[in-house]
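Scroll down for the structure; my scribbles are underneath it.
The values are calculated or read from the model by the stated rules, or taken from the named source; none is laboratory data. What you see is a predicted model; the values in this text were computed from it and never measured. All Cβ positions, even for glycine, are placed from backbone atoms using ideal geometry, and neighbour counts span all protein chains on display. Heads up: the accessible areas ignore ligands, DNA and RNA and are worked out on the full protein's heavy atoms, side chains in. Shrake-Rupley method; radii C 1.70, N 1.55, O 1.52, S 1.80 Å.
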Amino acid sequence: MSISTTDPTGISIEKRMRRHAQFDRLLRLVIPVLTLLSAVAMWEFLVWYHEVPHYLIPAPSRIAATLITDWWSLMGSMWFTVKLTLMSLALAIIGGVALGTVFAMSRVVEISLFPFAVILQVTPVVAIAPLILIYVPNTFYALLICAWIMAFFPILSSTAIGLRSADHNLRDMFTMYRASPWQRLRYLLIPSALPYFMAALKIAGGLALIGAVVAEFVAGTAGQNTGLASRILESSFRSEIPRMFAALFLVSVLGIIIFLITSWLSKAVLGHWHESEIKRER
Amino acid sequence: MKSTNFLCRGSTRNLHGDDMNTENNSGVEAPIQIEMSGVDKVFGNGTIAVRGLNLTVQQGEFVSFLGPSGCGKSTALKMISGLLSHSAGEITVNGHPPGQSQDIGYVFQEATLMPWATVFDNVYLPLRLKGVSRPDAQVDVEAALASVGLSKFNDSYPRELSGGMKMRVSIARAMVTKPKLLLMDEPFAALDEMTRSRLNNDVMALWKKRDLTVIFVTHSVFESVYLSSRVVVMAARPGRVVNEIAQHDNYPRTEQYRTTAAYAENCRVVSQALEETMDHVDINH
Ligand SMILES: Nc1ncnc2c1ncn2[C@@H]1O[C@H](COP(=O)(O)OP(=O)(O)O)[C@@H](O)[C@H]1O
Ligand SMILES: [Mg+2]
């Protein structure tokens, strides 16, 4: 007699497991969405019930209405912030990877330049931003530099550590088979560094957005073609609280999108092999 | 105990240090593959890992390095492969200084696979580094995988394999360039007993089939006696060869050999030789 994989209800265990997994995945999506929706509904209800004036706390419906009426001006600002964030992130990746590679190859360069990188990192951007705004005449470039400073360091340090993290026996093997420096980089060092780099990218993406917003706050509404932070500032001066919330909402959405994209990228690059992205079956 | 060199023979180099033509060595006697004489290794921190190491290995031998931890087994192996330079003495591999012969396969204690690459790509690596294209390498890679019994795992990732299977991939990778010399540094130390004895048999089969010379580092007396044609016993502080014990030429050996009186006796002799090296040394095993 063989051991049965069928339980008394006649459905195979495998099928039930699969169904269970599907259900599990659905729950993971449905529960947070429901929680969020009920929180918003609660907010709406409380504002309505207590008749809170919209210049104190606007109801979600009012924020949504503002989003629609001010759609084009808000979209313009959002585009500005997106541009700032993505450009600073791109520059941080280019600079961080380039310098990180040099650090990984040369201890001397690392020891001499690392203090500068640390100073850049630990000094709050808000504190340096006014100076940068004075020295850099073009506001956009000044903002770009501020956001870049925020995103640069994690990429730099992770690239340097990641490139050094390759297994020493694998290094020996590459030596034994006389790998060229290029082959070593391509087939050993870069793959070893990828998990570190992807983790840094997730952090740097968020930091670039924070940098872009913070820098704009410091700069104020000086420029005409300005981003979401300026909309928030401007609305606060004019006590247009719903508009403030609308801009804030868009900043959050932007942050979430960046997070989702970097997480997806990390999964796409590491999903097939690295512990951090592998789903363990239970 | 004095170092006894059973296979002491003249160097293949003439007085001028030029290499003799190795093609002349096709006589009845197997040519010398590895020659180490008076080899020292002093690390930068002052550790004398190996002192006065003398060893001659002929083509087709299966030599085990047996000794306590820290007696310089890995160091010796790395010097033969050219991964480490030696501080004094002379080493020749196929008549050349070490590191010049690419005809070496190396297996580490851990499988040392690239976790981001498939089984196929891991085994393909040595050929890829030599500039062989993937289509050209296909046949050799698949043959190497088949020779270790892993034909259906081309597209698997290392994390999907058991410890024994990972080690098989590692051996396939070492064999893919069809080397004549296989260096193995405690390759099965981390495996369970069953897997280990199965892999022992497979390595012996591979050795015979491919006409290999194997140097096999282990700290297991039983493993060394079961596998090798000669056991080289090493002592620590400083690392040196203290004894060489030739084994019967009773290949092919099967699991049955492990149950014979001859095997028990060989193990006893080797154990005793190992014991003598450990006077005044902590025994960790
Ligand atoms: N890179 C190194 N630097 C300094 N000392 C080392 C290094 N590698 C090994 N040693 C020392 O050399 C001795 C022999 O090491 P090893 O060859 O690894 O021994 P085994 O493989 O027999 O256990 C040990 O005392 C070890 O601490
Ligand atoms: Mg060792």
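Might you check whether a residue that is among the hydrophobic types (A, V, I, L, M, F, W, C), touching a strand residue (DSSP E or B) at 6+ places or on another chain (Cβ under 9 Å), farther than 18 Å from A:Leu74 by Cβ and surrounded by 14 or more Cβ atoms within 10 Å (Cβ to Cβ) occurs anywhere in the stretch A:266-276?
No.
Looking at (1) within 14 Å of chain B (Cβ to nearest Cβ); (2) surrounded by fewer than 18 Cβ atoms within 10 Å (Cβ to Cβ), which is the one condition that is false for A:Ser236?
(1)
Which residues, counting only those in the stretch B:57-80, are small (Gly, Ala, Ser) and either more than 13 Å from ligand 2 (Cβ to nearest atom) or away from every other protein chain (no Cβ under 14 Å) (or both)?
Matches in the stretch B:57-80: B:Gly60, B:Ser64, B:Gly67, B:Ser69, B:Gly70, B:Gly72, B:Ala76.
What's the number of the only condition in (1) more than 24 Å from B:Pro158 (Cβ to Cβ); (2) surrounded by 15 or more Cβ atoms within 10 Å (Cβ to Cβ); (3) touching a helix residue (DSSP H, G or I) at 6+ places or on another chain (Cβ under 7 Å) that B:Pro252 fails to meet?
Against the list (1) more than 24 Å from B:Pro158 (Cβ to Cβ); (2) surrounded by 15 or more Cβ atoms within 10 Å (Cβ to Cβ); (3) touching a helix residue (DSSP H, G or I) at 6+ places or on another chain (Cβ under 7 Å), B:Pro252 comes up short only on (2).
Might you check whether a residue that is open to solvent by 10 Å² or more (accessible area, probe 1.4 Å), in the same structural domain as B:Ala261 (by TED's automatic domain parsing) and among the β-branched types (Val, Ile, Thr) occurs anywhere in the stretch B:210-217?
no
Hey, could you check the stretch B:92-124 for residues that are closer than 14 Å to A:Tyr177 by Cβ and aliphatic (A, V, I, L, M) and say which is farthest from the other protein chains (Cβ to nearest Cβ)?
In this case the residue turns out to be B:Val123.
Could you check the stretch B:44-56 and list, in sequence order, the residues that are away from ligand 2 (no atom under 14 Å from the Cβ) and surrounded by fewer than 22 Cβ atoms within 10 Å (Cβ to Cβ)?
Scanning the stretch B:44-56 gives B:Gly44, B:Asn45, B:Gly46, B:Ile48, B:Arg51, B:Gly52, B:Asn54, B:Thr56.
Here's the yes/no breakdown for (1) without any contact (Cβ under 8 Å) to a residue 24 or more places away in the chain; (2) hydrophobic (A, V, I, L, M, F, W, C); (3) more than 16 Å from ligand 2 (Cβ to nearest atom):
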| position | (1), (2), (3) |
| --- | --- |
| B:Met204 | no, yes, yes |
| B:Tyr226 | no, no, yes |
| B:Asn243 | no, no, yes |
| B:Arg253 | no, no, yes |
| B:Ala262 | yes, yes, yes |
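Yes or no, residue by residue, for (1) modelled with pLDDT under 90; (2) over 16 Å from B:Leu77 (Cβ atoms); (3) of a type outside the set (Asp, Glu); (4) in contact with a Phe, Trp or Tyr (Cβ under 9 Å, 6 or more places away or on another chain):
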residue: B:Leu183; (1), (2), (3), (4): no, no, yes, yes
residue: B:Leu191; (1), (2), (3), (4): yes, yes, yes, no
residue: B:Lys208; (1), (2), (3), (4): no, yes, yes, yes
residue: B:Ile215; (1), (2), (3), (4): no, no, yes, yes
residue: B:Phe222; (1), (2), (3), (4): no, yes, yes, yes
residue: B:Leu227; (1), (2), (3), (4): no, no, yes, yes
residue: B:Val232; (1), (2), (3), (4): no, no, yes, yes
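Of all residues in the stretch B:40-81, which are without any contact (Cβ under 8 Å) to a residue 40 or more places away in the chain and within 7 Å of ligand 1 (Cβ to nearest atom)?
Correct list: B:Phe43, B:Gly44, B:Asn45, B:Thr47.
Among the listed residues B:Ala88, B:Ala144, identify the single one that is more than 28 Å from B:Ile245 (Cα to Cα), free of Cβ contacts under 8 Å to residues at least 60 places away in the same chain and of a type in the set (A, V, I, L, M, F, W, C).
Residue meeting the stated conditions: B:Ala144.
Take residues that are in the same structural domain as A:Phe259 (by TED's automatic domain parsing), crowded, with 19+ Cβ neighbours inside 10 Å and of a type in the set (S, T, N, Q) and tell me which of the helices (runs of 4 or more DSSP H) falling wholly in the stretch A:49-139 contain 1 or more.
Numbers: elements: A:60-69, A:71-105, A:107-122, A:125-135.
Those helices (runs of 4 or more DSSP H) span A:60-69, A:71-105.
Give B:Leu183, B:Leu127, B:Leu191, B:Leu161 a once-over and let me know the one that is within 11 Å of another protein chain (Cβ to nearest Cβ) and either in contact with an Asp or Glu (Cβ under 6 Å, 6 or more places away or on another chain) or open to solvent by 10 Å² or more (accessible area, probe 1.4 Å) (or both).
Only one candidate qualifies: B:Leu127.
With respect to B:Ala144, determine if the residue is more than 14 Å from chain A (Cβ to nearest Cβ), surrounded by 17 or more Cβ atoms within 10 Å (Cβ to Cβ) and within 13 Å of ligand 1 (Cβ to nearest atom). If you could, list the steps in order and put the result at the bottom.
Details: more than 14 Å from chain A (Cβ to nearest Cβ): yes; surrounded by 17 or more Cβ atoms within 10 Å (Cβ to Cβ): yes; within 13 Å of ligand 1 (Cβ to nearest atom): no.
So B:Ala144 does not fit the description; no.
Can you tell me which condition B:Thr12 does not meet? The list is (1) at pLDDT 85 or above; (2) surrounded by 17 or more Cβ atoms within 10 Å (Cβ to Cβ); (3) more than 16 Å from ligand 1 (Cβ to nearest atom), and all the others hold.
So the condition that B:Thr12 fails would be (1).
I'd like to verify a number: residues in the stretch A:152-190 that are away from chain B (no Cβ under 14 Å) and within 16 Å of A:Ser106 (Cα to Cα), how many?
The qualifying residues number 8.
Does A:Pro195 fit the bill of being within 14 Å of chain B (Cβ to nearest Cβ) and touching a His at 6+ places or on another chain (Cβ under 7 Å)?
So A:Pro195 fits the description; yes.
Out of B:His96, B:His86, report the one residue that is modelled with pLDDT under 90, away from ligand 2 (no atom under 16 Å from the Cβ) and either under 22 Å from the mean Cα position of the chain (by Cα) or crowded, with 16+ Cβ neighbours inside 10 Å (or both).
B:His96
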